[in-house]
Amino acid sequence: MSPASGLNLTPFIPELVLAGGLLVLLIVELIARRKRGIVTAIGGSILLVALVIISLAGNEKVGAYMFGAVVQDGVTLYFRVLFALATLIAVGIMASTFKKEGEPYILVLASVMGMFLLAGSNDLVTLFVALEMVSIPSYVLAGYRRHDPRSGEAALKYVIYGAFSSGLMLYGFSLLYGLTGATGFAEMTEGLKGALSGSPAHLVGIILIMAGIGYKIAMVPMHFWCPDVYEGSPTSITAYFSVLPKAAGFAALFRIAPLIASLKPFYGISAVGLITLLSAMTMTVGNLGAIWQNSLKRLLAYSSIAHAGYILMGFAVIVSGDKPELHGLAIQAVMMYLVVYLFMNLGAFLIVDLVERRLGGDGIGYFKGLGKSNPLPALALAVFLFSLTGLPPLAGFIGKFYLFAAVVKAQMWTLALIGIANSVVSLFYYVRVIRDMFLHDPTPATDGGIGSFNMGKLTAVLTLVTVVPTVVLGVFWNTLAEWLKLRLM
Amino acid sequence: MEIILFIITALIALASALMVITRKSPIASVLFLVLTFVCIAVLYVMLGAQFIAAMQIIVYAGAIMVLFLFVLMLLNLRGNQGWENISPARIGLGFAAAGLLLLVAVAWLKTAGSMEVAGLDPEMGTVSAFGDVLFQRFLLPFEIASVLLLGAIIGVVAMIKRKPLAELGEDKEGKVS
């Protein structure tokens, strides 16, 4: 057991603040009678801002604490800030939809609590409890529009896939536990280094765990729920789904990575080969699937699958693990990409949600001629979509650049080529939306004769909050890169 | 002696599991499921996992099955969904999947003898050993589970609460503003 065991609560302050704030919010929500939603959203936002500040202030890296159940290192700090920041924007997006009820915000914060714990998990048990804490509120959120059968379908699919993949993951956990007799990641990695590595139980255990985490990040072949859930859930909730539980899945993958890396080749299946294959499949299926979509929500769902594939490229380098400096580079690239992805993807969903609220739908038809009737939202969406493609000088390019740099330095040529081919394919469907927005004239058939609409103050501010980093990080990325590097030291 | 007990319990567990999926009446299925759980609890005791065995009886065979029975009786399901509603292709796929599983299981058992597994403390399954671990090593996940339950309770309340279709009203407001 690690030396820093025992009841040391100091590094745990962000989680304690979050849990306390959650209880306070629950009471505030009951007292505020009519303006429940607004009050809870504001309260939640204040709590999240406080969390960003506390997380940034908690710079000390203490290692494992609380009997080794959790660990505080640079990655924990980074993910805490990322989760709090992304949730802050997501709560802002939700505030336009949920004005009369406070429960969605409380559910989101409960699942953020799980994410915080996940970022620092150092043990299979903590990891599993934290993952379920992320998932269970999400199931409710998916089905929040109870009167809409599509929302019910989304929730049901989410629950059933979620329970199934949790079961697979637990089976994987039990196999690795059976091999090592430990649940702490450090002890398990140590135990798996010897003769056990590369045994069939080890391989099957890793594959099953990847299935469980793959469900969270919408990785092929565990991605089938993703387009349906994204389509059926309320759009502002989809915005939240597309970034936060996914980033949480990657946080879990960070923690599991040493266990995967310890896998010795078994009948030619190595850890790197496994992740490379999953990454290539995920981005290809995501991008090819997106081409045929006519609903923007479904299109962005497939695009988010593709982006999970890109991020997995970084993990392929992380688990290759023979050169430490390459390792650091890949972790930095993944962390960088998640930050960039947060802004551009939340921004894209923000505009889709706006158009859906004003014009009544998210079909590609509603976006035809948007550039002429409502130039500002259309321009913002164009920026987000170009950034998602990875075109310079936007942030998406920098994110992809770091990932590809790591892959190329690790000399994984095939993976790099597949990634580049996929980026080219993705250009096609993103640009199709942009072309429809700017090269078509708006007609009553597409926008229901509404024409120009008011963005609303909140949406305007949120658009600014997401557009500015998407553009600025594309030019001045160095500060972020340096900050991330410091977290890794 | 022990092996005889194991074989008898395992056979009853398997047979009742088979009954669970072949009975037409859902109530009968649930009752056979209880029998399966009890048999599995016996197997746990034989492995020395007393605490897990007790939990198996109290939580699964007790609480969860009662819940199942309540739901079934409230929904008043009639067992009219028989085999005839399932297409032959599905049955074929089911058998194919079962065959693959058998293949994997056989391969697994053949290599199992040569595999080293971690030696575990024989006292591990006792209540006191379990309590020691739960309230020291796993104190944090145990306590945090309370927040998980709180989230789940809020979720359930949010789902069942009677309320007007708030979202629709706001769409209209949005268009006017």
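The values are calculated or read from the model by the stated rules, or taken from the named source; none is laboratory data. Predicted model, so just to flag it, every value in this text is computed and none were measured. With ideal geometry, Cβ positions are generated from the backbone for all residues, glycine too; neighbour counts draw on all protein chains shown.
For the reader, a short list of remarks on this structure follows.
- Positions within the range A:278-336 being in contact with a Gly (Cβ under 7 Å, 6 or more places away or on another chain) and outside any helix (DSSP H, G or I), in sequence order: A:294, A:295
- Every condition in (1) over 23 Å from residue A:243 (Cβ atoms); (2) more than 9 Å from chain B (Cβ to nearest Cβ); (3) touching a Ser or Thr at 6+ places or on another chain (Cβ under 7 Å) holds for residue A:142 except the one numbered (1).
- Restricting the range A:27-63 to residues that are within 14 Å of chain B (Cβ to nearest Cβ) and within 26 Å of the chain's Cα centre (by Cα) leaves a set whose member that is farthest from residue B:151 (Cα to Cα) is A:38.
- Taken over the range A:446-476, the criterion of being surrounded by fewer than 20 Cβ atoms within 10 Å (Cβ to Cβ) and farther than 20 Å from residue A:90 by Cα is satisfied by A:448, A:449, A:450, A:451, A:452, A:453, A:454, A:472, A:475, A:476.
- Candidate set: the range A:188-231, residues that are within 30 Å of residue A:292 (Cα to Cα) and among the small types (Gly, Ala, Ser); chosen: the one surrounded by the fewest Cβ atoms within 10 Å (Cβ to Cβ): A:211
Per-residue answers, yes or no, for (1) assigned to a helix (DSSP H, G or I); (2) farther than 23 Å from residue A:484 by Cβ:
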{"site": "A:47", "(1), (2)": "yes, yes"}
{"site": "A:64", "(1), (2)": "no, no"}
{"site": "A:67", "(1), (2)": "no, yes"}
{"site": "A:85", "(1), (2)": "yes, no"}
{"site": "A:106", "(1), (2)": "yes, yes"}
{"site": "A:110", "(1), (2)": "yes, yes"}
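- Within the range A:168-177, considering residues that are within 12 Å of chain B (Cβ to nearest Cβ) and closer than 19 Å to residue B:101 by Cβ, the one surrounded by the most Cβ atoms within 10 Å (Cβ to Cβ): A:175
- Exclusive hit being crowded, with 24+ Cβ neighbours inside 10 Å and more than 30 Å from residue A:366 (Cα to Cα), set A:290, A:301, A:261, A:252: A:252
- Counting the residues of the range A:356-402 that are free of Cβ contacts under 8 Å to residues at least 40 places away in the same chain and crowded, with 22+ Cβ neighbours inside 10 Å gives 1.
- Selection status of residue A:107, touching a residue at least 24 places away in the same chain (Cβ under 8 Å), more than 21 Å from residue A:254 (Cβ to Cβ) and under 15 Å from the mean Cα position of the chain (by Cα): no
- Residue A:263 being closer than 29 Å to residue A:70 by Cβ, outside any helix (DSSP H, G or I) and in contact (Cβ under 8 Å) with a residue 24 or more places away in the chain: yes
- Neighbours by Cβ (under 8 Å, 6+ apart or cross-chain): first from the range B:135-147, surrounded by fewer than 16 Cβ atoms within 10 Å (Cβ to Cβ); second among the β-branched types (Val, Ile, Thr): B:145/A:129
- All positions within the range A:99-125 that are within 7 Å of another protein chain (Cβ to nearest Cβ), more than 15 Å from residue A:19 (Cβ to Cβ) and at pLDDT 90 or above: A:125
- Only one of A:414, A:443 that is among the polar types (S, T, N, Q) and either within 17 Å of residue A:339 (Cα to Cα) or modelled with pLDDT under 90 (or both): A:443
- Some residue of the range A:90-100 being surrounded by fewer than 19 Cβ atoms within 10 Å (Cβ to Cβ) and not basic (Lys, Arg): no
- Pairs with Cβ under 7 Å, 6+ apart, first in the range A:328-344 and free of Cβ contacts under 8 Å to residues at least 12 places away in the same chain, second of a type in the set (Ser, Thr, Tyr): none
- Of the listed requirements (1) surrounded by 15 or more Cβ atoms within 10 Å (Cβ to Cβ); (2) within 14 Å of chain A (Cβ to nearest Cβ); (3) at pLDDT 75 or above, residue B:100 misses just one: (1).
- Lone qualifier among A:163, A:110 - being out of contact with any Pro (no Cβ under 8 Å at 6 or more places or on another chain) and of a type in the set (A, V, I, L, M, F, W, C): A:163
- Only a single criterion out of (1) of a type outside the set (Phe, Trp, Tyr); (2) farther than 21 Å from residue A:288 by Cα; (3) in a loop (DSSP other than H, G, I, E, B) is not satisfied by residue A:464, namely (3).
- Yes/no for residue A:160 being over 30 Å from residue A:236 (Cα atoms) and under 23 Å from the mean Cα position of the chain (by Cα): no
- Residue-level check: of (1) away from every other protein chain (no Cβ under 14 Å); (2) more than 23 Å from residue A:335 (Cα to Cα); (3) within 24 Å of the chain's Cα centre (by Cα), residue A:459 misses just (1).
- Of all residues making up the range A:410-426, the number that are assigned to a helix (DSSP H, G or I) and buried (at least 16 other Cβ atoms within 10 Å of the Cβ): 8
- Filtering the range A:365-386 for residues that are among the charged types (D, E, K, R), over 21 Å from the mean Cα position of the chain (by Cα), part of a loop (DSSP other than H, G, I, E, B) and within 14 Å of chain B (Cβ to nearest Cβ) leaves an empty set.
- Qualifying residue in the range A:13-24 (condition: modelled with pLDDT of 85 or more, under 30 Å from the mean Cα position of the chain (by Cα), under 19 Å from residue A:97 (Cα atoms) and among the small types (Gly, Ala, Ser)): no
- Residue in the range A:64-79 that is over 17 Å from the mean Cα position of the chain (by Cα), under 22 Å from residue A:141 (Cα atoms) and within 14 Å of chain B (Cβ to nearest Cβ) present: no
- Test result for residue B:134, modelled with pLDDT of 75 or more and among the aliphatic types (A, V, I, L, M): yes
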